[in-house]
2 protein chains.
Amino acid sequence: MRALDLTLLTDLYELTMMQGYFKNPTDQVVVFDAFYRQNPCDGGYAIAAGLEQVIEYIRDLHFSPDDVEYLRGLNLFDDDFLEYLRGFHFTGDIYAIPEGTVVFPREPLLKVVAPVMEAQLVETAILNIINHQSLIATKASRVVYAAKGDGIMEFGLRRAQGPDAGIYGARAAVIGGCVGTSNVLTGKMFGVPVKGTHAHSWIMSFPDEYTAFKTYANLYPNACLLLVDTYDVLDSGVPNAIRVFKEMKEKDPNFHGYGIRIDSGDLAYLSKKAYEMLEAAGFGDAIISASSDLDEYLIDSLKAQGATINSWGVGTNLITSKDCPAFGGVYKLAAIKDKDDEDFVPKIKLSENTEKITNPGNKTIYRIYDKATGKIRADLICMVNETFDESKDMIIFDPIETWKKTKIKGGTYTLRELLVPVFQKGLCVYTSPSVMEMQAICKKEQETLWPETRRLVNPQKVYVDLSDKLYKVKSQLLEEMSMKALDLQ
Amino acid sequence: MRALDLTLLTDLYELTMMQGYFKNPTDQVVVFDAFYRQNPCDGGYAIAAGLEQVIEYIRDLHFSPDDVEYLRGLNLFDDDFLEYLRGFHFTGDIYAIPEGTVVFPREPLLKVVAPVMEAQLVETAILNIINHQSLIATKASRVVYAAKGDGIMEFGLRRAQGPDAGIYGARAAVIGGCVGTSNVLTGKMFGVPVKGTHAHSWIMSFPDEYTAFKTYANLYPNACLLLVDTYDVLDSGVPNAIRVFKEMKEKDPNFHGYGIRIDSGDLAYLSKKAYEMLEAAGFGDAIISASSDLDEYLIDSLKAQGATINSWGVGTNLITSKDCPAFGGVYKLAAIKDKDDEDFVPKIKLSENTEKITNPGNKTIYRIYDKATGKIRADLICMVNETFDESKDMIIFDPIETWKKTKIKGGTYTLRELLVPVFQKGLCVYTSPSVMEMQAICKKEQETLWPETRRLVNPQKVYVDLSDKLYKVKSQLLEEMSMKALDLQ
């Protein structure tokens, strides 16, 4: 049976650590950041997605009697801890960047501030959900960008990595800009447009292609998209489609919304030839839809060659983000305090790889917009209690090559805090917009990117800067750790 | 809310086609084959998986009043068709290759024989489930093969493409040979071993690494695997682990099952140095576990360099099958008959790409084993009513380059039919083994492969042959189609 309750959707070590904290009682409240290190597909940005499902997961968190009995059977957990689990619920705070927002590496997409046991338990599911949906939303936005205004249909359900990958992948694809999905369940769950016509099997189950087309046209005269490549696109499919369009138009001069779909062969050549034939027959306004192993690079290339396709169906490469199937988001401890203390103590994780060193402290993010154009100048990660004055000059610097600095003149920029409260003391204080509203948000968000950052290949990176204060805290911690390490040698 | 009912987990075109068949009534019973065209990761074989979930899906198929109202709202479907959906259930037959079996391109992993409307509806979900789980089971078997007997732990949940990809991906990984998973929910649902210890955050939440280790060791003295790379593997982590192991051993001479985990840095170098240090301290039998972007190629390469790792945790690259994240299974119409006819009429789909031309007819598959070794000689796709005599010679030939022929002498081989009945007249007639039983089956199955076929890179392909009868039917259909196409020009 399909699992409805996701409380056990976690790594075992979260539970063994929880019991560890339970047995060595602590009043520690911790800050965990969920962030990623590299944009998918070597792009210039990513799209945050999945928050609505994270909220549902957190709200529903509870260990059923069944869950507790299962855990007891593992012979790892003591009765007192299992009893604690029985009454478990989330009591912490969560902050997150709203879905559809453009985001950049190293900035927390989501922040959990909670007692250590609670913050630890939720790690795996939060990452699973955010990683998946942000990946697909990002991929979709790239594919939509390549199509330069043509509609992109998501139809990868059959190739998705399981039912949820199809359901939530289609949701994320629509947030990223797809005009619709073939996935009926996603349509029902999230109120997004569903689309589709027929398969090769429809054509093959009739005595001939013309009869199959004609039957379909009579059934769906207002959405008559005919699949023309079962036998031969130019010698059979397109001529039969034209014959049917003519007959339909004779019957009803208002016949419209018709077109063809090509699912194999060279799409540039076939679409151009098909357009010539349709145009000559008086159907120059026909939709020419294409599918077949498409992704942003192939669409870009087909358009550059003058393909006359104006509607694109994208399956496998979008729903799996084939050239980059993992987002790589991580969840790292950033700060600790005793329950009654005011201030958090920043924590850092070292790594031999400098880019993997974490940013310590209880932080937030400000986005710096150019006042004149509304475009993003940079993002600034800082401590939560820092304030900035938009009328004053701001110096931002490259977070890796810190000698690269830029001054942003006071009065020429505006600031927006990206993290918004989602849970406070365990209660949800955030209402998700609808998926179609998120799509609109995401479209506007992408307009705040400079064209150089949206480029598919080798885009300009957006600066994600650290505030002076955060930079100093980080440097000091690194220094201390490095001295400790020397002591050990 | 999470979807429990997967009836609408289908492409819209399945429903628009269904209404088409409904409005143009037909008594057609059809045969659809679900098969794939290329082994994942350019390997020599794949592992079939996902059947148990397909069975659940077929059994649960029903349109709820809610589903019907949603579909009505799309303004595509008429009342009579919606009324039909309200009473819909699956009444056909399904045959499939059991989970854990090694399989090869172009052979049907699953075959649906049903009224056309039913067979059409189930296409998308069947492909989604089989594609996903077969992909991950195959990837897991490759990773397990590379580890040459060391245990492989699946722990990719946080990077899986949504909850189901984590849940069923871990299930498939265990079928493919993983000794366990970190995913607690998969453990509960399928009774497979769950494993895990602690994260960097555990170490960081204590004043120092030694205290964190010691606390953990006291909690879990029989599963004391310490993560040694939070600060510095060789200067801090391993010395602190040895100190704790010594103290534990002093307290209890039976202290065992201890070890370390390395999650970053050069795993060959670090594991060898760590082993030297452990060995010198009298802990040469410690588990040395490694994780960090592992896959079959890296494990193979680390072992070739003499890494002293004896337990491997594999995450992202396994759970997403990163270098090949889609299985590419398709579902193609193979034959049609009127309900009361005895014989099916074979159907074929042409394609400009020869490899994409389908195999027509109502078929089955026989596996030909070498009697002496039990290894696979070839698979034979044939019509369902064909019989073969194991005492007679058999000529098999390469399905693409048909001039390559081999004779298998009568008496030196045995035959096994791969497709087994799963549903008959809508009733399930198959009981799935447990996942751990499937793992055992899968292990034995892989032993029927020649070593040349298991090789990770450029393996020898196994012949999947067509019977004479099937070959003739296919050639004749191709000839007919090609004559028709000439007529059209």
If you go through the stretch A:225-238 one residue at a time, how many are modelled with pLDDT of 95 or more and either open to solvent by 50 Å² or more (accessible area, probe 1.4 Å) or not in a helix (DSSP H, G or I) (or both)? 4
Residues that are at pLDDT 80 or above and surrounded by 11 or more Cβ atoms within 10 Å (Cβ to Cβ), drawn from the stretch B:394-404: B:394, B:396
With criteria (1) more than 20 Å from residue A:155 (Cα to Cα); (2) assigned to a helix (DSSP H, G or I), residue A:282 comes up short on (2)
Residue B:314, sole failed condition from (1) more than 11 Å from chain A (Cβ to nearest Cβ); (2) surrounded by fewer than 19 Cβ atoms within 10 Å (Cβ to Cβ): (2)
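If you check A:320, A:364, A:354, which single one turns out to be open to solvent by less than 40 Å² (accessible area, probe 1.4 Å) and within 14 Å of another protein chain (Cβ to nearest Cβ)? It would help to see each step written out before you state the result.
Working: A:364 fails: within 14 Å of another protein chain (Cβ to nearest Cβ); A:354 fails: open to solvent by less than 40 Å² (accessible area, probe 1.4 Å).
Selected residue: A:320, the only one of A:320, A:364, A:354 that is open to solvent by less than 40 Å² (accessible area, probe 1.4 Å) and within 14 Å of another protein chain (Cβ to nearest Cβ).
Pick from the stretch B:6-29 the residues that are of a type in the set (Val, Ile, Thr) and more than 7 Å from chain A (Cβ to nearest Cβ): which of them is least open to solvent (accessible area, probe 1.4 Å)?
Narrowing the stretch B:6-29 to residues of a type in the set (Val, Ile, Thr): B:7, B:10, B:16, B:26, B:29.
From what is left, the residues that are more than 7 Å from chain A (Cβ to nearest Cβ) are B:7, B:26, B:29.
Numbers: B:7: 2, B:26: 51, B:29: 24 Å².
Per the stated criteria, the residue is B:7.
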Report, by residue number, each residue of the stretch B:462-480 that is buried (at least 16 other Cβ atoms within 10 Å of the Cβ) and of a type outside the set (Val, Ile, Thr). B:463, B:465, B:466, B:467, B:470, B:471, B:474, B:477
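Please report, ordered by residue number, the strands (runs of 3 or more DSSP E) entirely within the stretch B:314-405 with at least 2 residues that are free of Cβ contacts under 8 Å to residues at least 40 places away in the same chain. Spell out how you get there, then give the answer.
Details: elements: B:330-338, B:363-370, B:376-383, B:394-397.
Ranges flagged: B:394-397.
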Residue identified as touching a residue at least 12 places away in the same chain (Cβ under 8 Å) and farther than 23 Å from residue B:57 by Cβ among A:176, A:156, A:169: A:176
Among (1) outside any loop (DSSP other than H, G, I, E, B); (2) of a type outside the set (D, E, K, R); (3) at pLDDT 95 or above; (4) open to solvent by less than 30 Å² (accessible area, probe 1.4 Å) - the single one residue B:449 does not satisfy: (1)
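Yes/no per residue for (1) more than 26 Å from the chain's Cα centre (by Cα); (2) among the β-branched types (Val, Ile, Thr):
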site	(1), (2)
A:392	yes, no
A:412	yes, yes
A:419	no, no
A:465	no, no
A:472	yes, no
A:483	yes, no
Which of the strands (runs of 3 or more DSSP E) found entirely inside the stretch B:90-207 contain at least 3 residues meeting this: farther than 30 Å from residue A:30 by Cβ and away from chain A (no Cβ under 12 Å)? B:93-96, B:110-115
Which of the following residues is closer than 14 Å to residue B:376 by Cα, touching an Asp or Glu at 6+ places or on another chain (Cβ under 6 Å) and in contact (Cβ under 8 Å) with a residue 12 or more places away in the chain: B:460, B:446, B:424? B:460
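So if I check each of A:3, A:34, A:46, which one is within 11 Å of chain B (Cβ to nearest Cβ), within 17 Å of the chain's Cα centre (by Cα) and either closer than 26 Å to residue A:170 by Cα or open to solvent by less than 10 Å² (accessible area, probe 1.4 Å) (or both)? Steps first, please.
Values: A:3 fails: within 17 Å of the chain's Cα centre (by Cα); A:46 fails: within 11 Å of chain B (Cβ to nearest Cβ).
Result of the check over A:3, A:34, A:46: A:34.
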Which ones in the stretch B:288-311 are away from chain A (no Cβ under 14 Å), buried (at least 18 other Cβ atoms within 10 Å of the Cβ) and not in a helix (DSSP H, G or I)? B:288, B:290, B:307, B:308, B:309, B:310, B:311
Filter the stretch B:452-488 down to residues that are over 23 Å from residue B:140 (Cα atoms) and among the acidic types (Asp, Glu) and give me whichever is modelled with the lowest pLDDT. B:487
For residue A:222, which of the numbered conditions (1) within 11 Å of chain B (Cβ to nearest Cβ); (2) open to solvent by 70 Å² or more (accessible area, probe 1.4 Å); (3) under 19 Å from residue B:484 (Cβ atoms) fails to hold? (3)
Give the residues of the stretch B:72-94 that are within 33 Å of the chain's Cα centre (by Cα) and either of a type in the set (Ser, Thr, Tyr) or surrounded by 13 or more Cβ atoms within 10 Å (Cβ to Cβ) (or both), sorted by residue number. B:85, B:88, B:90, B:91, B:92, B:93, B:94
The one condition residue A:437 fails out of (1) over 30 Å from residue A:193 (Cβ atoms); (2) acidic (Asp, Glu); (3) at pLDDT 95 or above is (1)
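In contact with a His (Cβ under 6 Å, 6 or more places away or on another chain) and either open to solvent by less than 10 Å² (accessible area, probe 1.4 Å) or closer than 30 Å to residue B:424 by Cα (or both), is that true of residue B:156?
Details: in contact with a His (Cβ under 6 Å, 6 or more places away or on another chain): no; either open to solvent by less than 10 Å² (accessible area, probe 1.4 Å) or closer than 30 Å to residue B:424 by Cα (or both): yes.
Taking the combined requirement at face value, the residue does not satisfy it.
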Residue B:83 fails exactly one of (1) within 30 Å of residue B:447 (Cβ to Cβ); (2) more than 11 Å from every other protein chain (Cβ to nearest Cβ); (3) not in a strand (DSSP E or B), namely (1)
Pairs under 9 Å by beta carbon, first residue more than 30 Å from residue A:39 (Cβ to Cβ) in the stretch A:49-76, partner among the hydroxyl-bearing types (Ser, Thr, Tyr), six or more apart or different chains? A:60/A:7; A:61/A:7; A:62/A:7; A:63/A:7; A:64/A:7; A:67/A:7; A:76/A:16; A:76/B:220
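Taking the stretch A:411-425 only, how many residues are open to solvent by 20 Å² or more (accessible area, probe 1.4 Å) and in a loop (DSSP other than H, G, I, E, B)?
Our first condition is that a residue be open to solvent by 20 Å² or more (accessible area, probe 1.4 Å); within the stretch A:411-425, this holds for A:411-412, A:414-417, A:420-421, A:424-425.
Still in the list and also in a loop (DSSP other than H, G, I, E, B): A:411-412, A:425.
Final tally of qualifying residues: 3.
The values are calculated or read from the model by the stated rules, or taken from the named source; none is laboratory data. Keep in mind it's a predicted model, so treat the numbers as computed, not measured. Counting neighbours? That spans all protein chains shown, and the Cβs are built from the backbone with ideal geometry, glycine included. When the accessible area is computed, the model is the full protein with side chains, heavy atoms only, and any ligands, DNA or RNA have been set aside. Shrake-Rupley method; radii C 1.70, N 1.55, O 1.52, S 1.80 Å.
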